[in-house]
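A short write-up of the structure that comes next.
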Amino acid sequence: MQFHEKRRQQFLSEQYFEADIQHALDISIPGLLQVLNAADSDAEDRSRVSGVIAYITCKNFFLNYTAGESIAVLRDSFISVVEAYERASRYYREYTKSSDSPNFGFQEIDDFERIIQLVGLAILLHQRELIPRIHSLISNSVYDRKDAMYEELIGHDLPDRPFLDAWYHQLPYLHLLNATDEEDSEAKIAKMEQYLKVWYASMKNAGWHDSHLDVREDGGAYFGYWAIEAAAIVYLYNIKDSSFRNHIVYPKDLVDFARQFDKQAISTFLVPEKLRVEGGNPCPQTGYWFTPAIPGSLRHFEQGEIMPVSMDSQYGATIWQWSSEQLPP
């Protein structure tokens, strides 16, 4: 597939993408790591440089998403983004000499959007074990337990979180919070549509806003405009997204991935990992099995029970198969 066919936003050119990624991987990050690990670097150097590395690592992740990279590959690489921010947090706290210094300032919409994007990605990529680690970037700080939008996202995975009616940025997030409060499904959809409509304009103070207008072939600030948190809410509240799936900032395939992952997980839970088991081996899961090697063979086995072998069969090996119709044991 050609680059322009698989990219997820039309502002990204192949030349810009390749130049920006390669400069980051070949020049920027190696040079910054050299400074970070230099014997004469001080706490301020380590804090500043590790913060830039985290920014570039996250930018590369979003560039790859915008360029059309598969969600499965992105899922594997997301941990590197979280680790980069953890390292930046460690050095920033070393520099400030405070274990409570937050990586992100909630009053800055760029920072706030970034951390809720990280939480949203952990939810959508089914890496929710990373949410406590993401939360640790601001936990026990002045921002902890102070913003309703942030609490809405992490509250599904972290215990004892507060219900708040306060926020640092009313727009655009109030529309998203309202979507979670609505009982009627159509009302939820309407709030989501409102949110996506005002999202980009509400980001006017973010450093990357309008960066697509200055896309140079040798790089720039653009990495894609994505309301990740909107997709996370759509997934968490099972909101039908057919009316806004094609909105430019809505990452629909992340929602599709999350939902398909759920279906596969349910299937894995209900159906054994091995759908076919050769006779003489233990049963991998309690339930009804049959084998073409034995007429009328449908029977119930307990997990661990040895599956019989037919000694008189034209089929050769006796292969037991999981029955699609599970009867009461």
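Select from region 244-259 the residues that are assigned to a helix (DSSP H, G or I) and of a type outside the set (A, V, I, L, M) and list them in ascending order.
Selection gives K252, D253, D256, F257, R259.
Scan region 215-225 and give yes if some residue there is touching a residue at least 24 places away in the same chain (Cβ under 8 Å) and touching a His at 6+ places or on another chain (Cβ under 7 Å), otherwise no.
If we filter region 215-225 for residues that are touching a residue at least 24 places away in the same chain (Cβ under 8 Å), which is where we start, we get 215-220, 222-225.
Within this subset, residues satisfying the condition of being touching a His at 6+ places or on another chain (Cβ under 7 Å) are 219, 222.
The answer is yes; a qualifying residue exists.
Pick from region 215-243 the residues that are part of a helix (DSSP H, G or I) and of a type outside the set (A, V, I, L, M): which of them is surrounded by the fewest Cβ atoms within 10 Å (Cβ to Cβ)?
Here the answer is Y235.
Just the residues that are surrounded by fewer than 18 Cβ atoms within 10 Å (Cβ to Cβ) and among the charged types (D, E, K, R), please, taken from region 191-210.
If the condition is that a residue be surrounded by fewer than 18 Cβ atoms within 10 Å (Cβ to Cβ) and among the charged types (D, E, K, R), then E193, K197, K204, D210 are the ones that fit.
Can you tell me which residue within region 1-58, out of those that are surrounded by 15 or more Cβ atoms within 10 Å (Cβ to Cβ) and assigned to a loop (DSSP other than H, G, I, E, B), is nearest to the chain's Cα centre (by Cα)?
Per the stated criteria, the residue is R8.
Residue check: is I138 crowded, with 17+ Cβ neighbours inside 10 Å, farther than 19 Å from E108 by Cβ and of a type in the set (A, V, I, L, M, F, W, C)?
No: the conditions fail for I138.
For the condition surrounded by fewer than 17 Cβ atoms within 10 Å (Cβ to Cβ) and of a type in the set (A, V, I, L, M, F, W, C), what is the one hit in A166, A179?
Within the list A166, A179, the selection yields A166.
What is the number of the single condition among (1) buried (at least 21 other Cβ atoms within 10 Å of the Cβ); (2) in a helix (DSSP H, G or I) that N103 does not meet?
Of everything listed in (1) buried (at least 21 other Cβ atoms within 10 Å of the Cβ); (2) in a helix (DSSP H, G or I), N103 misses just condition (2).
For residues that are surrounded by 16 or more Cβ atoms within 10 Å (Cβ to Cβ) and free of Cβ contacts under 8 Å to residues at least 12 places away in the same chain, tally how many sit in region 106-134.
1
I'm checking my understanding of the structure. Among residues of region 59-92 that are outside any helix (DSSP H, G or I) and over 17 Å from Q117 (Cβ atoms), which one is modelled with the highest pLDDT?
By that ranking, first place goes to G68.
Looking only at region 59-100, count how many residues are buried (at least 17 other Cβ atoms within 10 Å of the Cβ), over 14 Å from the mean Cα position of the chain (by Cα) and free of Cβ contacts under 8 Å to residues at least 24 places away in the same chain.
Count: 1.
The values are calculated or read from the model by the stated rules, or taken from the named source; none is laboratory data. Here the structure is a predicted model, which means the values were calculated and not measured. All Cβ positions, glycine included, derive from the backbone under ideal geometry; neighbour counts span all protein chains shown.
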